[in-house]
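The values are calculated or read from the model by the stated rules, or taken from the named source; none is laboratory data. Quick caveat: nothing in here was measured; it's all calculated off a predicted structure. Using ideal geometry, Cβ is built from the backbone for each residue, glycine included, and neighbour counts are taken over all protein chains shown.
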C-alpha cells in the first residue's frame, strides 16, 4: 500500500488495520484509531480482493471534510500575518485582482496600515500591494482559491 495513513482526526492517534474473517473466503477490512476507537467505513468481500479493499479502506480513513472557504474577516486576515491568501476582486469583471499574496499586517505606507503583497504565479514578475483599508470594498481574501460551486 502506498497511501500513508493520516492521524486520527479526533485525537491524533495512530490508525490500526482491522481484518476479520467473516466466512470461508470472505473478509471484512477497515481502519480505526488505536486510542479513541474512531472508525472509517469497512469493506467486505472475497479474500482475493483484500489488497484492493485495504487500499480503499485507507483512502476512506484518510478522507477529511473540506473546510468551508468563506472570505476571511479583517481580524482573521490580520492574524494570518506572513501567510499566503488568495485575493479576489469584489467586482467579478476585474479578474486581474485574483492572485496569491502574503499578508503583511504591520506594513505601513503613508496613512495606510497593513495589507497584502502579491506573489507572481503566472510568470509575470509584477508585485502589487493591496491595503486593508479597501478590504471588502474592492477585494476579499480566502485561505484558498474558491472552487467551482463555492461562493467567492
Exercise. Restricting the search to the range 34-79, which residues are touching a residue at least 40 places away in the same chain (Cβ under 8 Å), touching a strand residue (DSSP E or B) at 6+ places or on another chain (Cβ under 6 Å) and outside any helix (DSSP H, G or I)?
Worked result: 69, 71, 72
Exercise. Which ones in the range 92-115 are in contact with a helix residue (DSSP H, G or I) (Cβ under 8 Å, 6 or more places away or on another chain) and either at pLDDT 85 or above or assigned to a loop (DSSP other than H, G, I, E, B) (or both)?
Worked result: 103, 105, 114, 115
Problem set entry | Options 98, 93; residue that is assigned by TED's automatic domain parsing to the domain that holds residue 137 and free of Cβ contacts under 8 Å to residues at least 12 places away in the same chain | 93
Problem set entry | the range 8-33, residues that are touching a strand residue (DSSP E or B) at 6+ places or on another chain (Cβ under 8 Å) and closer than 20 Å to residue 65 by Cβ | 8, 10, 11, 13, 15, 30, 31, 32, 33
Problem set entry | Qualifying positions in the range 1-16 - part of a strand (DSSP E or B) and either touching a residue at least 40 places away in the same chain (Cβ under 8 Å) or loosely packed, with under 13 Cβ neighbours inside 10 Å (or both) | 15
Exercise. Scanning for something over 30 Å from residue 29 (Cβ atoms), surrounded by 16 or more Cβ atoms within 10 Å (Cβ to Cβ) and at pLDDT 90 or above, does the range 126-138 turn up at least one residue?
Worked result: yes
